Structure formats: structure tokens, C-alpha cells
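Input: a single structure, listed below in C-alpha cells.
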Amino acid sequence: MEKSEPREAHLLIEGVSKTFGLRGGGTTHALSPIDAAVGQGRFVSIVGPSGCGKSTLLNIVAGLVKPSTGAVSVDGEPVRGPRRSIGVVFQEDSTLPWRTVIDNVRLGLEVERMRKAAQISRAREMIDLVGLTGFEHAYPRELSGGMRQRVAIARTLALDPSVLLMDEPFGALDPQTRLMIGVELLQMWQSTNKTVLFVTHDIQEALLLSQEVWVMSYRPATIRERLPVPFEYPRGPELLSTDEYQHLSARIWSVLQKESQRAFDEREHLLSSR
Amino acid sequence: MQRELFRALWSQVLTFFALAVLIVAGWWLATESGLVDTRTFPEVGRIIGAQTQLSDPAPATFLDHLAVTTVRVLAGLVAGCLLGFGLGVLFWRLPVVGRALEPYLLAFYAVPLVVFYPFLLVLLGINSWPIIAISTVMCSVPVALNTWIGFREQKEIHKMVGLALQMPPLLRFRRIELPGALPEIFTGARVGAVYSLVGTIGMEFMVSSEGLGYAVRYQYETFNVPSMYLFLAATLALSFVVVTALLAVSAVSLRHHG
């Protein structure tokens with residue numbers, strides 16, 4: 001199944017830049033002004049060298065960090081702080097260890113002043129969606145890393161955001177689990193029609209999941225390439241051996257390699273100048 | 001977390017009873033074999049029977065003294081935990097106040113708080129309140145410092161979750177920040193319980209006319225050695241029960257903290 005191209009932007013990033021002040025004085029330019037747009041229901045992956053500012057960009061879109069310049073808007077509404085229409089899934093395990101799976105999933109619903117029965121019913125729906133039925137009353141320590149990450153996804157989806165921001169959500173998982181949970185994420189995305197912005201280090205993951213890949217440069221980061229991914233869903237392992245896939249993967253890799261080399265040289269220079 | 005706490009709890013209980021049995025057995029052997037002077041180390045039977053031979057000036061019995069000290073320790077512990085928790089939250093919300101008061105709080109560890117007794121006597125009168133006040137203050141210091149640490153060193157990811165879900169401050173406090181800080185708060189409370197016991201029994205020893213501390217001093221000064229040992233044993237048993245009960249509460253409360 002291939003989703004159709006959007007007519008207009010659902011998520012708009014206009015001239016967003018970020019400069020951080022350093023403790024010992026001076027500044028770091030994390031992001032150069034970035035302009036980008038994502039259509040409703042699109043799945044976009046962001047890849048880039050380590051420390052380039054992918055997470056900063058995602059946190060700005062989430063409203064968790066204020067940009068130095070520029071603005072983000074969802075459906076024309078400016079994002080000035082965290083909001084219900086934007087859900088975030090973090091890389092780190094973000095489940096609360098003292099709450100059961102169902103209580104973790106309904107955490108955001110408690111903000112909504114929804115009746116407890118309604119919260120539980122909604123949480124059960126989401127637990128079912130992420131394939132954790134039967135584990136409602138388990139505590140996070142009783143679950144695997146992949147299951148805990150699914151709890152975090154369910155908690156985010158319970159609030160029914162129109163934009164889902166995922167910051168290397170499978171970064172801490174083993175390759176097999178990543179693959180499986182990636183397939184489940186695609187099913188969830190296809191059934192919910194969310195707009196997804198997905199940060200990853202893994203080119204293969206980006207190409208198997210998304211409709212478009214943004215390749216970011218090293219600091220001050222900008223989007224160096226925006227590559228549409230033309231493959232039909234479902235994308236099975238046979239895709240990996242096609243010329244088109246190899247060509248796209250090589251193209252992303254060549255940009256990443258240059259930028260990673262620049263990042264490495266800069267860090268070496270910094271270390272040697274100390 | 002919960003496994004370590006339960007392990008610590010069981011090890012504490014087993015160690016206490018094992019040591020108690022060993023000490024009583026060793027004591028019995030030493031006294032029965034004539035290895036030690038029974039005027040200084042009376043026979044086990046005389047110590048156990050001492051309760052019925054008390055020659056107190058007041059009509060207080062063994063259980064009265066035990067009850068007085070227990071109430072004082074628990075009152076000091078509860079009030080100290082509440083005061084310490086409030087102070088810890090205040091320091092967390094207003095770090096400038098916390099940083100300004102931290103040296104004074106740390107100094108409280110070193111100062112024998114009994115020096116404040118005359119002032120408290122004038123303020124609260126000759127009764128249990130000055131002792132409870134000292135016990136409260138002594139307990140509150142570790143609770144305040146640990147509560148502050150607990151809130152200050154929350155996991156960054158949990159803070160981000162609260163923000164991303166737009167949780168109002170009070171809900172965030174109840175659902176994320178307080179449960180996250182609980183392990184540190186309980187650690188502070190366990191240390192606070194020890195301070196509360198030291199404060200209460202020390203004060204009773206020096207300035208009170210009732211309670212276990214007073215009874216130990218009185219029996220010692222009147223050369224009623226078996227009774228003195230009985231009250232010492234009761235003091236140790238009370239300390240053990242309070243500290244172990246708090247460890248049990250911690251273990252149960254933190255059983256899901258990963």
C-alpha cells in the first residue's frame with residue numbers, strides 16, 4: 001500500500017535555528033535555519049551524524065525546546081510549547097517503573113480529566129494496538145526493552161496526537177526486535193494515519209519505514225538532502241537486494257560519510273586544541 | 001531496588017536474632033561458669049526477672065517507661081519526617097534557599113542538640129515536648145537533605161515525559177516527581193529514625209524523669225545492675241523494631257521501583 005502525496009503541509013518548520021550558550025562562555029550553533037514541510041499522514045525519517053542536532057530539531061518541533069529563530073506550526077497553529085496534537089516517543093526507556101503497563105498508558109489521559117473507566121478503556125485499546133494484551137498489569141521491570149518501548153508508544157498514541165515524533169525509539173533494542181517492532185509501527189501508522197517524524201541512525205530502518213528521508217549535515221545542522229522513498233508497502237527483505245534500494249542507500253551513506261568525517265575532524269581538532 | 005531492600009530486611013532480622021541468641025548464650029555460659037563477676041554481669045535469669053523487682057521512685061513500671069519512649073520516638077520520627085519532607089521540597093523548589101541553608105543543616109549533624117534543651121524547656125515546659133522537639137529536629141535533617149537530593153536528581157527522561165504530556169504541576173508532582181524521589185526520601189527517613197532514637201534516649205538519659213533512657217541511668221546510679229541491663233535490652237529491642245519497621249515500609253513502598 002502506498003500512501004498518496006499530501007496536498008498541503010500538516011507540519012511546517014520555518015527558519016528554525018538553535019544556538020546554545022556554553023558554560024565557559026561562547027555559543028554553539030546547533031541548527032542553521034531549517035525550512036521543511038510534512039504533509040498529513042506522511043512518514044519522514046531523519047538521519048544524520050551523531051550530535052548533529054536531530055534530537056534538538058525534534059524537541060523544537062515537540063515544543064520542548066524553544067528555537068533561537070523561526071517557528072513550527074501544526075495545521076497553521078504555531079507550536080509554542082508541548083501540545084496535545086504532538087506526541088513524543090523518546091529513545092530512552094521512559095516508562096514509569098512504579099506504574100503498571102495500563103497505568104503507564106493512561107498517564108496522559110489523567111491530564112484530560114477523563115473518567116477512570118474511560119481512561120482504562122482507551123488504555124486497553126492502545127495496549128491492544130501495540131500487541132501487549134495480557135500484560136496490562138505487568139510492571140515495566142517484567143517486560144523486555146522492546147515491550148517497554150511499545151508501552152511508551154501506546155501512552156503517546158492514547159492521546160491521539162496528529163503528529164508523532166520518535167527520537168531513535170528503537171536505538172536501544174537488538175536488531176531482530178528493531179525489525180519486528182518496525183513492522184508493528186508501520187501497521188500502527190497505517191491504521192491511525194498519523195504524521196510521523198522519525199529520527200534514526202540506521203539507513204536501512206529509514207528506508208524500510210519511511211516515505212521520505214531527510215539527511216542532515218553536521219553542526220550547524222541543516223537538511224542536506226530530502227530523498228523520497230518510492231517503494232511500495234509492505235517492504236520485505238527482498239527489497240534490500242534491489243538496485244533502487246542499493247542506489248538510495250549508497251546516496252544517503254555518501255552524504256552521511258562526508259558529514260560524519262567533518263564531525264570527527266572537528267572533535268579531533270577540539271581535543272587537540274585543549 | 002525492592003530485592004535489595006527485602007534482602008536487607010531479612011538480613012537485618014536474621015542478624016539481630018542470631019546475635020541476640022549468641023549474646024544471651026555467651027552471657028549465660030560466662031556467668032554460669034564463673035568466668036565473669038556476676039555483680040557486673042548478672043545472670044540471665046536475674047536480668048529477665050528484674051522487671052518484677054523494680055524499685056522505681058515513681059510508680060512507673062517497665063512497660064510505662066517503654067511506652068513513654070516509644071511514643072516520644074514515634075512522635076519525633078513522624079514530625080521529623082514531615083518537617084524534613086517539607087524542607088526538602090522547599091529547597092528543591094527554591095534552590096537559593098536550599099544552598100543558603102545547606103551548611104547549617106550539615107552542621108546540625110555535628111552539634112549535640114541537647115545544648116538547646118534549656119531554651120526548649122523555657123519555650124515548651126517540663127514535659128515530653130522538649131524531648132520530642134529535639135528528636136524531631138534531629139530526624140528532620142537527613143530527611144530534608146535526602147528529600148532534596150531525591151527531587152533534584154530525578155531522571156531527566158521522566159521530567160521530559162511530564163512536560164511532553166503537559167501534566168499540570170500538581171499532577172506531575174503526584175504521579176512522577178514524588179514517586180521518583182521516594183527511594184531517597186526513605187533512605188533519609190531510615191537515617192532520621194536512628195537520629196530520632198539517639199535524640200530521644202540521649203535526652204531522657206540526661207534530663208528526663210521517665211522513659212527508657214532515664215530508667216537506664218536511674219538503675220545504674222542505684223546499682224540495680226540486672227534492671228539496668230533489662231532496660232538496655234529493651235532500648236536495643238525498640239531501636240531494632242523501629243528501624244526494621246521502617247525498612248519494611250520502604251521495601252513494600254518501593255517494591256515496583258525497578
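The values are calculated or read from the model by the stated rules, or taken from the named source; none is laboratory data. What you are looking at is a predicted structure, and each value in this text was computed from that prediction instead of being measured. Here the Cβ is made from the backbone with ideal geometry for all residues, glycine too, and neighbour counts use every protein chain on show. With ligands, DNA and RNA removed, areas are computed over all heavy atoms of the protein, side chains included. Shrake-Rupley method; radii C 1.70, N 1.55, O 1.52, S 1.80 Å.
Key figures
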| read-out | value |
| --- | --- |
| Elements of type helices (runs of 4 or more DSSP H) in segment A:54-111, at least 1 residues being of a type in the set (V, I, T) and more than 9 Å from every other protein chain (Cβ to nearest Cβ) | A:54-62, A:101-105 |
| Out of B:F231, B:F223, sole residue that is away from chain A (no Cβ under 14 Å) and either surrounded by fewer than 17 Cβ atoms within 10 Å (Cβ to Cβ) or modelled with pLDDT under 90 (or both) | B:F223 |
| Residue match in segment B:214-233 (condition: part of a helix (DSSP H, G or I) and under 14 Å from the mean Cα position of the chain (by Cα)) | no |
| Criterion violated by A:A37 - all others in (1) open to solvent by less than 60 Å² (accessible area, probe 1.4 Å); (2) free of Cβ contacts under 8 Å to residues at least 40 places away in the same chain; (3) touching a Gly at 6+ places or on another chain (Cβ under 7 Å); (4) part of a strand (DSSP E or B) satisfied | (3) |
| Residue that is farthest from A:E14 (Cα to Cα), among those in segment A:172-204 that are touching a Ser or Thr at 6+ places or on another chain (Cβ under 8 Å) and open to solvent by 20 Å² or more (accessible area, probe 1.4 Å) | A:T177 |
| Qualifying residues in segment B:146-161 (those that are aliphatic (A, V, I, L, M) and surrounded by fewer than 24 Cβ atoms within 10 Å (Cβ to Cβ)) - the one farthest from B:L182 (Cα to Cα) | B:M160 |
| Residues located in segment B:82-133, provided they are among the basic types (K, R) and within 22 Å of B:F186 (Cβ to Cβ) | B:R93 |
| Residue satisfying all of: in segment A:112-135; of a type in the set (S, T, N, Q) and open to solvent by 60 Å² or more (accessible area, probe 1.4 Å); farthest from the other protein chains (Cβ to nearest Cβ) among these | A:T133 |
| Residue match in segment A:172-183 (condition: among the aliphatic types (A, V, I, L, M), closer than 17 Å to B:L165 by Cα and touching a Leu at 6+ places or on another chain (Cβ under 9 Å)) | no |
| Near pairs, Cβ below 6 angstrom, 6+ apart or cross-chain, from segment A:157-179 (among the aromatic types (F, W, Y)) to any residue that is open to solvent by 30 Å² or more (accessible area, probe 1.4 Å) | A:F170/A:R178 |
| Extreme residue, least open to solvent (accessible area, probe 1.4 Å), among residues of segment A:230-247 that are over 23 Å from A:Q176 (Cα atoms) and in contact (Cβ under 8 Å) with a residue 12 or more places away in the chain | A:P230 |
| Any hit, segment A:33-48, residues being within 19 Å of A:F170 (Cα to Cα), at pLDDT 95 or above and of a type in the set (S, T, Y) | yes |
| Subset of segment A:136-171 (residues that are assigned to a helix (DSSP H, G or I), of a type in the set (G, A, S) and open to solvent by less than 20 Å² (accessible area, probe 1.4 Å)) | A:G146, A:A152, A:A154 |
| Yes/no for B:I185 being within 14 Å of another protein chain (Cβ to nearest Cβ) and either under 21 Å from B:L87 (Cα atoms) or open to solvent by less than 50 Å² (accessible area, probe 1.4 Å) (or both) | yes |
| Filter pass, A:Q176 being of a type in the set (S, T, N, Q), modelled with pLDDT of 90 or more and not in a loop (DSSP other than H, G, I, E, B) | no |
| Which listed residue, of B:L63, B:L87, B:L19, B:L74, is touching a residue at least 40 places away in the same chain (Cβ under 8 Å) and closer than 24 Å to B:S239 by Cβ | B:L74 |
| When residues of segment B:150-175 are limited to those that are under 21 Å from B:T187 (Cα atoms), of a type outside the set (D, E) and assigned to a loop (DSSP other than H, G, I, E, B), the one nearest to the other protein chains (Cβ to nearest Cβ) | B:K155 |
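Conditions (1) under 30 Å from B:H257 (Cα atoms); (2) modelled with pLDDT of 90 or more; (3) among the small types (G, A, S), marked per residue:
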residue: B:Q12; (1), (2), (3): yes, no, no
residue: B:F17; (1), (2), (3): yes, no, no
residue: B:L35; (1), (2), (3): no, no, no
residue: B:R39; (1), (2), (3): no, no, no
residue: B:G49; (1), (2), (3): no, no, yes
residue: B:Q53; (1), (2), (3): no, no, no
residue: B:A58; (1), (2), (3): no, no, yes
residue: B:V78; (1), (2), (3): yes, yes, no
residue: B:C81; (1), (2), (3): yes, yes, no
